[in-house]
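Engineer: Handing you a structure now.
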Amino acid sequence: MKIVLLGPPGAGKGTQAQRLVEKHGLIQLSTGDMLRAAVAAETPVGLQAKAVMDTGGLVSDEIVIGIVSDRIDEPDCANGFILDGFPRTVAQAEALDRLLGEKGTSLDAVIEVVVDEGILVSRMENRVKETLAAGGQVRKDDNSEAFRTRLEAYRTQTAPLSDFYAKLGRLKTVDGMQSIDDVGRQMDAIITQVVAA
Ligand code: ADP
């Protein structure tokens, strides 16, 4: 099963992806996590990506497509994966179709987590508080200025993907304003439908 999760920063994609990993044994591929690992390891990609990530902008399509292309070729992805944070631009979505097509496969579902934009900033602020309370390290881009840039990047570059996938008849949506469990149940229902189709 190959799934794409769409939705703005703070929509809960990561939380839901984690749940799908536990429940359905899928692998989560978060380009944000992969890029943060590259930054921490100071790889050439990490060194290139760091500044733009810190300010909340998007890393270049070329870099991100390269990372995803390498990752989905690894053996643990053979049975499927959940992409969280990729694609984020139409060019990335087209590249993904091409990459999967070359392997003779395609996406099974694109699920958008739909939320009211007004709650996103407070969700980010809560995440910061919880992380600090747990003694963890707060993400460099979890501050109001970078968050505003991330939302703007989402609006202008990523939101058009809903239309892109809807036109292809592939878009499913869940209501991300509900509880984590309720959102999860909506996801499960979609997955059951996809498996049965
Ligand atoms: P969010 O919580 O905002 O969804 P992520 O953890 O997915 O954040 O990503 C953090 C940052 O990593 C983004 O703001 C961006 O700089 C970079 N990034 C992650 N995925 C992509 C992508 N597909 N294309 C371009 N940049 C990306």
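The values are calculated or read from the model by the stated rules, or taken from the named source; none is laboratory data. Here the structure is a predicted model, which is why all the values come from computation and not from measurement. Every residue, glycine as well, gets a Cβ built from its backbone with ideal geometry; the counts of neighbours run over all protein chains shown. We work out accessible area using only protein heavy atoms, side chains counted, and drop any ligands, DNA or RNA first. Shrake-Rupley method; radii C 1.70, N 1.55, O 1.52, S 1.80 Å.
Engineer: Using a 10 Å cut-off on Cβ atoms, rank the peptides 168-180, 125-137, 1-13, 59-71 from the highest mean neighbour count down.
Structural biologist: Highest mean packing first, the order is 1-13, 59-71, 168-180, 125-137.
Engineer: Also, quick follow-up: Straight distance only, please: which lysines reach the Cα of LYS50 with their own Cα at less than 19 Å, same-chain residues fewer than 8 apart left out?
Structural biologist: By straight Cα distance, LYS50 reaches LYS140.
Engineer: Can you give me the C-alpha center-to-center distance between segment 124-154 and segment 1-80, rounded to a whole angstrom?
Structural biologist: Cα centres, segment 124-154 to segment 1-80: 17 Å.
Engineer: How much length is gained on full extension from GLU117 to GLN193, taking 0.36 nm per residue of separation minus their Cα-Cα distance?
Structural biologist: Full-extension gain reported as 24.5 nm.
Engineer: State, as an integer percentage, the relative contact order of segment 1-127 based on alpha-carbon contacts under 8 Å between residues 6 or more apart.
Structural biologist: Contact order relative to length: 46 percent.
Engineer: Below 29 Å, Cα to Cα, which lysines can LYS172 reach? Residues fewer than 8 away in the same chain don't count.
Structural biologist: Answer for LYS172, where 29 Å is the Cα cut-off: LYS2, LYS13, LYS23, LYS103, listed by chain and number.
Engineer: Then there's this: When a/c is below 1.5 the answer is rounded, else prolate if a/b is larger than b/c, else oblate, so apply that to segment 107-197 with a ≥ b ≥ c taken from the square roots of the Cα gyration tensor eigenvalues.
Structural biologist: In terms of gyration-tensor shape, oblate.
Engineer: May I ask you to give the percent of accessible area on the chain that is carbon plus sulfur, with a probe radius of 1.4 Å?
Structural biologist: Its accessible area is 52 percent carbon and sulfur atoms.
Engineer: Could you work out the local net charge near ALA91, counting Lys and Arg as +1, Asp and Glu as -1, over the other residues with Cβ closer than 12 Å to its Cβ?
Structural biologist: So the surrounding residues net to -2.
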